[in-house]
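To keep things clear, I will list the structure first and then write my remarks on it.
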Amino acid sequence: MARLVQKFGGTSVRDAEHIQRVAKIVHDAARGGKEIVVVVSAMGHTTDELINLAESVNDLPDPRELDMLLSTGEQVSISLVAMALQKLGLKARSFTGAQAGILTDETHTFARIKTVQPSRVETSLRRGEIAVVAGFQGMTRTSDITTLGRGGSDTTAVALAASLKAECCDIYTDVNGVYTTDPRCYGQARRLHTISYEEMLELASLGAQVLNARSVELALRQKVPIRLRSTFEPGDTGTLVTLRELSPDYQICGVALDTNRVSFRLSLPRDFSVKEPSLDDGKPNHYNVRAQRVVEELCNLGLSRDHVNLRTDGDSICEIEFNCEKRLSREAREVLLEFFPQNNGTLLRVDSDVARISIVGVGARERHQRGDMINALRQASIPVAMVTTSNISVSAVVPAKYKDDAVKQLHETFCNGHNFADAQAAT
Ligand code: ADP
Ligand code: ASP
Ligand code: MG
């Protein structure tokens, strides 16, 4: 029998009335003769509230204990969704991440799924039940509860869809598809009928929270089709995330905004050191060698090498510039200070009042796009601090107060007109 995974996010299960709406959607899909696995997030803003609660007790909560706390959010919603399904006359059974066989590494608060062993879910489906699984959580091999990082329920859903060989993973949320940019921030955003895995992964990695980046990475690897659709318009099939061959070849498919970043700029005095590594403090002395070590350590933290700029003055490094997620800023700062201790002449500027804005699409490979993007931002009098490129994107850091202007300007420049003939206007 065909299998379908349906995932519902926090706004979709925010109260009893919404949970009943979700149960109705699941009920209709089950009537179509499919085996259904439902994955749910915590209700509404529960996860934020639990984090605030933890920080009110201890401003640096132990990650293991934080995971123990945060996982309770999803445990509330699975039981309520199972009850709502039973009320509609369906057989349903809830499972925590551990019970569903979601096995992860030990990285508390940002764990990676290593394997899925869903034997209990399989048994439940064979009995004709709807399996309701807690998103965002798993278990280490030593039976500790882990969580998968914010937005991680999407990853649970895709991992289960791959492991159970589901025909599709439907991600239900509060918008009716993937748009050229966040439709809540910019009313002229246009909905995409389809988007390739690669472009969706880039959009998500660069801040479009509509899908969790790791879930797209997994879907790409395991070839799981994802449909991004709305809980509030269940008749609408939303946006299909699929292979590039099946999706239109947009030049630029969208603009991503990420306000959850901190930018770092370390300016160095002239390097008069001998151009040989010195071992006086156990570390290589020459700036160029130290800078390479900094880049390696930053990559170990999860930053992309493409997103660290090293500027040289003659043949020696004079500036290291990058931006990173806020959750990594303390460690990133420690890496910089380990290799370049603050002394006369070094100047470290850290700014969290910034936004990273990016254009994404196969067209970004063309060399002129970088210049076109900088020009477009300058034309709107938006100061551009740091420009980086990847295979299919160009990103710039701008002061946070210009974020809305920057989205509007880049959307008008890159996402309107002939290169968007196949997109449909936002409704
Ligand atoms: P859920 O709780 O259902 O997982 P999220 O809040 O994680 O929902 O993701 C949905 C939100 O993503 C939307 O409300 C929208 O504001 C935002 N979003 C950001 N970028 C985009 C985009 N390109 N297309 C659609 N929605 C986007
Ligand atoms: N409840 C978790 C969060 O708020 C996971 C999720 O919603 O996907 O991040
Ligand atoms: Mg989400």
Within a Gaussian network of the chain (alpha carbon springs, distance under 10 Å), most fluctuating of Ile171, Ile320, Ile359: Ile320
Karplus-derived 3J(HN,Hα), 6.51/-1.76/1.60, for each residue of the stretch 137-147, Hz, glycine and proline x: 9, x, 9, 7, 5, 9, 6, 8, 6, 10, 10
J(HN,Hα) series, the stretch 91-96, from Karplus relation 6.51 cos²θ - 1.76 cosθ + 1.60, nearest Hz, glycine and proline x: 7, 8, 9, 9, 9, 6
Antiparallel %, DSSP beta bridges [both residues in the stretch 141-241], to 5: 35 percent
Amide H contacts under 5 Å for Thr107, placed H, 5+ residues apart: Arg112
Residue with peak Gaussian network fluctuation, the chain [Cα springs, cutoff 10 Å], from Val22, Val255, Val295: Val295
Rh (Kirkwood; distinct C-alpha pairs) - the chain, Å: 23.1 Å
Alpha-carbon centroids, the stretch 54-68 and the stretch 339-372: separation in whole Å: 32 Å
Enclosed volume per residue, in Å³, of the convex hull spanned by Cα atoms of the stretch 30-90: 89 Å³
Antiparallel bridges, percent of DSSP beta bridges restricted to the chain (to nearest 5): 65 percent
Alpha carbon centroid spacing (whole Å) that separates the stretch 378-412 from the stretch 72-139: 41 Å
Under-5 Å amide H pairs with Gly254, H placed in peptide plane, nonlocal only: Val360
Nonlocal Lys pairs with alpha-carbon distance under 28 Å, the chain (8 or more apart, or different chains): 27
Amide hydrogen neighbours beyond the local backbone of Cys168, cut-off 5 Å, H modeled: Val5
Whole-Hz couplings from phi, Karplus 6.51/-1.76/1.60, listed for the stretch 374-390; x for Gly and Pro: 4, 4, 4, 5, 5, 4, 8, 6, 9, x, 10, 9, 8, 10, 9, 10, 10
Extreme residue, positive dipole direction of the stretch 104-150, given options Thr147, Ser124, Ile113 (C-beta unit charges): Ser124
Cα principal axis extents for the stretch 106-249, largest first, Å: 48, 35, 30
Helix-only mean residue ellipticity at 222 nm for the chain, each DSSP H run of n ≥ 4 adding -39500 (n - 2.57), per residue, nearest 500: -10500 deg cm²/dmol
Sorted by Cβ density within 10 Å, fewest first, the residues Cys299, Cys318: Cys299, Cys318
The chain, relative contact order [Cα under 8 Å, separation at least 6], %: 14 percent
All-pairs Cα distance distribution in the stretch 42-173, expressed in whole percent, bin size 10 Å: 13, 43, 33, 10, 1
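Computed from the coordinates by the stated procedures, all read-outs in this text should not be read as laboratory data. In this text the structure is predicted, and so the values were computed from the model without any measurement. With ideal geometry, Cβ positions are generated from the backbone for all residues, glycine too; neighbour counts draw on all protein chains shown.
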